[in-house]
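The values are calculated or read from the model by the stated rules, or taken from the named source; none is laboratory data. The structure displayed is predicted, hence computed values, not measured ones. In this analysis, Cβ positions are derived from the backbone assuming ideal geometry, glycine residues included, and neighbour counts consider all displayed protein chains. Remember, those area values only see protein heavy atoms, side chains included, never the ligands or the DNA or RNA. Shrake-Rupley method; radii C 1.70, N 1.55, O 1.52, S 1.80 Å.
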Amino acid sequence: MAREFTRTQRVADQIQKDLAQLIQRQIKDPRVGMVTVSYVKVAKDLGYADVYVTVMPFGAQTDEEQTVKESLSVLNKAAGFLRHELARGIKLRVMPQLRFHFDESVDRGRRLHSLITQVNQPEPGSEPADDSADKADEE
């Protein structure tokens, strides 16, 4: 009988949950925007964990790309501290090295959504389709 979740997936889920709380409570650097841990992928040998985050710009910072770069820089520099804190809560023989990456899937989804809404909206000046001919055929 196959297990629904592998051990590495369970470890990844726990790291995601604990890391989200640690970043929120322990990282006080003002360069870190509102960070959400969207996904964690742990290597089979538990050597490393790729942590995918989304970053919301805040305050006067409007340059999203700069906010993302600064947040990732701070998180990667704090990776040792975060790894140590995770090891205190999760009992593993080896705690994976943390590598932070920007999760582009949310941004890609936003772009696709805006493209779809642009396509579905009628062009200015064009008349809406007249359904009266279709209704006459049905009668």
Taking the stretch 33-48 and keeping only residues that are within 8 Å of the chain's Cα centre (by Cα) and surrounded by 17 or more Cβ atoms within 10 Å (Cβ to Cβ), one is left with Val37
Boolean, Asp18 is modelled with pLDDT of 90 or more, open to solvent by 20 Å² or more (accessible area, probe 1.4 Å), within 19 Å of Ser105 (Cα to Cα) and not in a loop (DSSP other than H, G, I, E, B) | no
May I ask you to list pairs of residues, at least six apart or on different chains, whose Cβ atoms are under 6 Å apart, with the first in the stretch 12-38 being under 13 Å from Met56 (Cβ atoms) and the second being open to solvent by 70 Å² or more (accessible area, probe 1.4 Å) and assigned to a loop (DSSP other than H, G, I, E, B)?
-> Gly33/Phe58; Met34/Phe58
Per-region count, the stretch 80-104, residues within 15 Å of Gln16 (Cβ to Cβ) and either in a helix (DSSP H, G or I) or at pLDDT below 90 (or both) | 9
Run down Gln61, Gln66 and say which single residue is at pLDDT below 90 and either outside any helix (DSSP H, G or I) or within 26 Å of Arg10 (Cα to Cα) (or both).
-> Gln61
Checklist (1) of a type in the set (A, V, I, L, M, F, W, C); (2) buried (at least 17 other Cβ atoms within 10 Å of the Cβ); (3) over 18 Å from the mean Cα position of the chain (by Cα) applied to Val94, failing item | (2)
Does Leu112 meet the test of being surrounded by 10 or more Cβ atoms within 10 Å (Cβ to Cβ) and not in a helix (DSSP H, G or I)?
-> no
